[in-house]
């Protein structure tokens, strides 16, 4: 049964929310270096949901720039090769423009190279080999960290159990943060169910991590570490006998 969700929570996990950005320090640094350099063009590339557009908008908030999307602003884009805007220009979904209007996209690049103004293109797929900044997909560990940070810093409370956050992160195998945000909303609306098998897999992951990091400790010591971890995650721990069985499976 679906539940009403607090508007503050919806805003926190809104795909367009540029208020806070996590774990893209190197990419932010590279973009800022480009903006302060003499380089004219920067191509940003990465799979959907890796934070490309979000990062750009986060860096440029409260600044003046032109933003175009190859889907919704095609007519305006096709005129760029004729008249270059007198400020920084961002073209999102640039690979779509390259694919469907190759000559025009090449003219746009040439025009900016000859101008005094900068261009940043954002693409899902690599179309150029020059001055490219690649955004890697988020790992499940990074996604888990981002979710925990958002709940802690932006909502100031634990609306979602850490074990459910871990399960959602583990399911995000494609590294798409936008899809993950949708899963969080669905979870809070009561549209996702965490089954026994999924919860069991989380316990196995915890035990595996403890065993690998503490090879010199005996099983009693390992179990104490496990109990602390479960307490931290606010989940019910296995009995010692069950814990030992899981431990033995990793020997």
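Brief remarks on what is shown
- The angle between the Cα long axis of helix 196-213 and the main principal axis of the chain comes to about 90°, on a 0 to 90 degree scale.
- Protection-proxy order for peptides 95-102, 59-66, 47-54, each taking the mean of Cβ atoms within 10 Å per residue, highest first: 47-54, 95-102, 59-66
- Semi-axes of the equivalent ellipsoid for segment 121-251, computed as √(5λ) from the eigenvalues of its C-alpha gyration tensor and ordered from largest down, come to 32, 20, 13 Å.
- Separation of alpha-carbon centers, segment 52-70 and segment 89-139, rounded to whole Å: 14
- For the chain, averaging the sequence separation of C-alpha pairs within contact (under 8 Å, six or more residues apart) and dividing by the residue count gives a relative contact order of 23 percent.
- Helix 102-114 and the longest principal axis of the Cα set of the chain meet at an angle near 80°.
- Angle between the chain longest axis and helix 25-35 axis [Cα atoms, degrees, rounded to 10]: 10
- Unit Cα scatterers, Debye sum, segment 139-189: log10 I(q)/I(0) for q = 0.19, 0.20, 0.29 Å⁻¹: -0.53, -0.59, -1.25
No value in this document is a laboratory result; all are computed from the given coordinates. Remember, predicted model here, so these are calculated numbers, not experimental data. Heads up, the Cβs are rebuilt from the backbone with ideal geometry, glycines too, and the neighbour counts pull from every protein chain shown.
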